[in-house]
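Chemist: Got a structure for you, questions after.
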Amino acid sequence: MAEPVYIDEDNSELIRPQKLVNPVKSSRNHQDLHRELLMNQKRGLAPQNKPELQKVMEKRKRDQVIKQQKEEEAQKKKSDLEIELLKRQQKLEQLELEKQKTQEEQENAPEFVKVKGNLRRTTQESTDAPSS
């Protein structure tokens, strides 16, 4: 295709045509992507067909499966001793919770209930002391 001939000397007041800049091609991301595609083509690597979201979802799914397998293996590897220790630990935790609840109830109880409890204890101690 022949390029048009412009007369520079005759009409200096005329606006000279300039080539338009393509914003997509001038962007840094586009240039980097184009360079990467050229390098992959030279190496013989085909671009990956999966979108990024699909890759991320597959990776998460793989990680979850691996985590589940590790947990199952850990459950299988527990010996009888470990199971018994866990049961005892749970019992102790329950007892501690019950003690805390009773202490809270005693602290929140009215004054006359506390005094009545103290009187019972003193009467029981006095009856137990002479017999021993």
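The values are calculated or read from the model by the stated rules, or taken from the named source; none is laboratory data. Values in this document were obtained by computation on a predicted structure and should not be read as measured data. Because the Cβ atoms are built from the backbone with ideal geometry, glycine has one as well, and the counts that use them run over all protein chains shown. Heads up: the accessible areas ignore ligands, DNA and RNA and are worked out on the full protein's heavy atoms, side chains in. Shrake-Rupley method; radii C 1.70, N 1.55, O 1.52, S 1.80 Å.
Chemist: Leaving out ligands and nucleic acids, note down the accessible area per residue over the chain with a 1.4 angstrom probe, in whole Å². It would help to have the intermediate numbers written out before the result.
Modeler: Details: 13960 Å² over 132 residues.
Heavy-atom SASA per residue in the chain reads 106 Å².
Chemist: Here is a follow-up. Please list L81, L38 from largest to smallest accessible area, probe radius 1.4 Å, with all protein chains kept in place.
Modeler: Details: L81 120, L38 80 Å².
Descending order: L81, L38.
Chemist: Using a 1.4 angstrom probe on heavy atoms only, work out the carbon and sulfur share of the accessible area of the stretch 75-132 in %.
Modeler: Details: 3080 of 5880 Å².
Summing carbon and sulfur atoms, their accessible area is 52 percent of the total for the stretch 75-132.
Chemist: Once R0 is set to 35 Å, what does the formula 1/(1 + (r/R0)^6) return for the Cβ-Cβ distance between L33 and Q64, expressed as a FRET efficiency to the nearest 0.05? Numbers along the way, then the final one.
Modeler: Details: r = 31 Å, r/R0 = 0.90.
Using R0 = 35 Å, I get an efficiency of 0.65.
Chemist: Just to confirm the number: angle between the C-alpha axis of helix 52-77 and the first principal axis of the chain, 0 to 90 degrees, nearest 10?
Modeler: 30
Chemist: If a/c stays under 1.5 just call it rounded; otherwise compare a/b with b/c (prolate if a/b is bigger, oblate if not). Do that for the chain, with a ≥ b ≥ c from the square roots of the Cα gyration tensor eigenvalues. Walk me through the intermediate numbers first.
Modeler: Values: a/c = 10.32, a/b = 2.93, b/c = 3.53.
In terms of gyration-tensor shape, oblate.
Chemist: Oh, and also: Once you place label points 7 Å from the Cα toward the Cβ at R43 and E73, how far apart are they in nm?
Modeler: 3.1
Chemist: How far, in degrees from 0 to 90, does helix 28-43 lean away from the longest principal axis of the Cα atoms of the chain, to the nearest 10?
Modeler: 80
Chemist: Quick one: dipole size for the chain, taken about the Cα centre, charges +1 on Lys/Arg Cβ and -1 on Asp/Glu Cβ, in debye to the nearest 20.
Modeler: Details: 27 positive and 25 negative charges, 147 e Å.
Roughly 700 debye for the chain.
Chemist: Let me ask another. All other residues with a Cβ under 15 Å from the Cβ of R60 taken together, and with Lys, Arg as +1 and Asp, Glu as -1, what is their net charge? Walk me through the numbers on the way to the answer.
Modeler: On the way: positive: K50, K55, K59, K61, R62, K67; negative: E52, E58, D63.
Residues near R60 contribute +3 overall.
Chemist: Any chance you could give the angle, 0 to 90 degrees and rounded to 10, that helix 111-131 forms with the longest Cα principal axis of the chain?
Modeler: 50
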